[in-house]
1. Grab the Cα-Cα distance for R200 and L136, subtract it from 0.36 nm times how many residues apart they are, and report the gain in nm with one decimal.
2. Residue by residue through region 194-200, which ³J(HN,Hα) values in whole Hz follow from phi under the Karplus form 6.51 cos²θ - 1.76 cosθ + 1.60 (θ = phi - 60°), with glycine and proline marked x?
3. What ³J(HN,Hα) values, in whole Hz, does the Karplus curve 6.51 cos²θ - 1.76 cosθ + 1.60 give for region 137-149 when θ = phi - 60°, with x put for Gly and Pro?
4. Rolling a 1.4 angstrom probe over the protein chains, ignoring ligands and nucleic acids, what is the accessible area of E6 in square angstrom, nearest 10?
5. Jot down the per residue volume, in cubic angstrom and as a whole number, of the convex hull over the alpha-carbon atoms of region 149-221.
6. Please work out how much length the chain gains when fully extended from R168 to F86, using 0.36 nm per residue of separation minus the C-alpha to C-alpha distance, in nm with one decimal.
7. Can you compute the helix-only [θ] at 222 nm over the chain? Use -39500 (n - 2.57) per DSSP H run of at least 4 residues, normalise by all residues, nearest 500 deg cm²/dmol.
8. Go ahead and run the numbers for FRET between L25 and V119, Cβ-Cβ distance against an R0 of 41 Å, rounding to 0.05.
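The values are calculated or read from the model by the stated rules, or taken from the named source; none is laboratory data. Note that the coordinates shown come from a computational prediction; the quantities given were computed from them, not determined experimentally. Cβ coordinates were reconstructed from backbone atoms using ideal geometry, including for glycine residues, and neighbour counts include every protein chain displayed. Just the protein is used for accessible areas: all its heavy atoms, side chains included, with ligands, DNA and RNA removed. Shrake-Rupley method; radii C 1.70, N 1.55, O 1.52, S 1.80 Å.
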Amino acid sequence: MLLYAENVLRAEPWAVQEGHPAKKLAQLALMVAAFGITYGAVMGSFGGVLGERFWQVVFSAVKVPFLLLGTFALSLPSFFVANTLFGLRSDFSQSLRALLATQAGLTIILASFAPFTVVWYASSSNYQGAILFNTLMFGCASLAAQWLLRRFYEPLIERNPRHRALLRAWLVIYAFVGIQMAWVLRPFIGNPAAPTQFFRQDAWGNAYVRLAHILWTFLGG
């Protein structure tokens, strides 16, 4: 697993080219699950890991990989249609492996941030601050993963420049779905003033409006 992770972080051709396509996708998905569970468990440990909060650790460990793989799966149909419309359907298999390899890289990077999250939790008991800090960790991991995405997509873009436009479309689709997906799957961080739950009772709503409200409240607005 660690050798595979190193190859992904180095953007080695192994991650998207060598081996049976189905086996390659399974290996990459397994990395997303393993490293997602690692960060999810740490993310859910706000407020301690004993008693009722233990279940929040378990829930978050399950939900982080589900968030990443679920967002990926929900974004694929429209991306497949876009590839077909642009006449790039023959390259879709390689595009799929490149995107999933990037997803694996993002999750590995996110897991590497887990010690920072532990330090933050030990330094602050502010619930809104914990939410914003984890949002920052996801944002930093996503930005770092863009370098991997460009490396994995270079052969495709060299083959046909239209892949560059589709890559930008993928980023928009994935971000839009991912933010709303995270909102539906909350809580990832247990609220000290509320019982531990797998889902919030008011799960549906607009994630973008709520995130702006949290930021405004945290800054003293």
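1. 20.8 nm
2. Those phi angles translate into 9, x, 5, 9, 6, 10, 6 Hz.
3. Once rounded to whole Hz, the list reads 5, 5, x, 5, 5, 5, 5, 5, 5, 5, 5, 4, 4.
4. For E6, solvent-accessible area is about 80 Å².
5. That works out to 142 Å³ per residue.
6. Additional length available on full extension: 28.2 nm.
7. -25500 deg cm²/dmol
8. 0.70
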